[in-house]
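What follows is a set of notes on a single structure, which appears directly below.
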Amino acid sequence: MVRDGKPEGFFYLDHRTVDHKYNLITDVHITAGNVHDSTPYLDRLELQVQKFGFQESLEAVALDAGYFTAPICKKLQKNNIYAVIGGRSYTPTKGLIAKWRFKYDAERNVYTCPQKHPLRYSTTNREGYREYKSDPKVCRDCSMLQECTRSKNKQRVLTRHLWQDSKEWVKQNGRSRSGRYLYRLRYQTVERSFADAKELHGLRYCRFRGRKKVLEQALMTAICQNIKKIANHLDRQVG
């Protein structure tokens, strides 16, 4: 695993799902450390829906920034699942105008730069991104050329995913009052669940080798955590 702010080495990742009401672990999945967090998510979500019959009752999900991908946003919007996903901080190329300063017009399918010049649709690449390009003849004489692009042909290129509208929908959810509340619950639920597993149940280190055996360890840990949660809940009911 090689990630910013994380130690480099051989690791396994525990992908787990918890419910927000009782913080019970409803799914555990283990992958190698070099598998991106978002890769198994849609399959695990589908498993939850089928296992618990959530076709009509799954209302909302809260995910961290690693899951903010176009396919996940599209799938959640399509299934009418209210989604709140943490955003990643975007660092533009130093000295160049950031992408957010270019305004997108959905009706015309065109971007407009700060100098009011259009960047028109050119093509869609294999990764599903539409490319919008400026006119080099216009850019060549622009007073902001040095702040806009360093390309040899004097052209600025922007990309927009085919499912960008779904990502914008998720962003809008996160700005709402209910969205902010839902996202804060992550720290009390899934983040707390991971912390308890590592600090109180020895899941910081693998006791075995191989994904199958590590999954056994993670499942046993989740069982222990759930037993404690259920016991505490029943005790409060009796009390």
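Since every read-out is calculated from the coordinates, none of them should be taken as a lab result. Keep in mind that what you see is a predicted model, and the values were worked out from it rather than measured. As a convention, Cβ positions derive from the backbone with ideal geometry for all residues, glycine included, and neighbour counts pool all protein chains shown.
Here are a few things to note about the model shown:
- The modelled label-to-label distance between residue 37 and residue 54, using points 7 Å beyond Cα along the C-beta direction, is 1.7 nm.
- Once the Cα atoms are used to define both axes, helix 41-52 deviates from the longest principal axis of the chain by about 40 degrees.
- Taking all pairs of distinct alpha-carbon atoms in the chain, Kirkwood radius in angstrom: 21.1
- Shape category assigned to region 1-102 from the gyration tensor of Cα positions, a/c cut at 1.5: oblate
- Net dipole in debye of the chain [+1 Lys, Arg Cβ; -1 Asp, Glu Cβ; about Cα centre; nearest 20]: 820
- Lys-Lys pairs in region 167-232 that are eight or more residues apart or on separate chains and whose Cα atoms lie under 30 Å of each other come to 8.
- Helical runs assigned H by DSSP (4 residues or longer) give the chain a calculated mean residue ellipticity at 222 nm of -12000 deg cm²/dmol, each run adding -39500 (n - 2.57) before division by the residue total.
- Chymotrypsin sites (Phe, Trp or Tyr not before Pro) restricted to region 132-239 and DSSP loop, no more than 13 other C-beta within 10 Å: 205, 208
- Here region 61-109 is assigned +1 on the Cβ of each Lys and Arg and -1 on the Cβ of each Asp and Glu. Its dipole about the Cα centre then comes out at about 160 debye.
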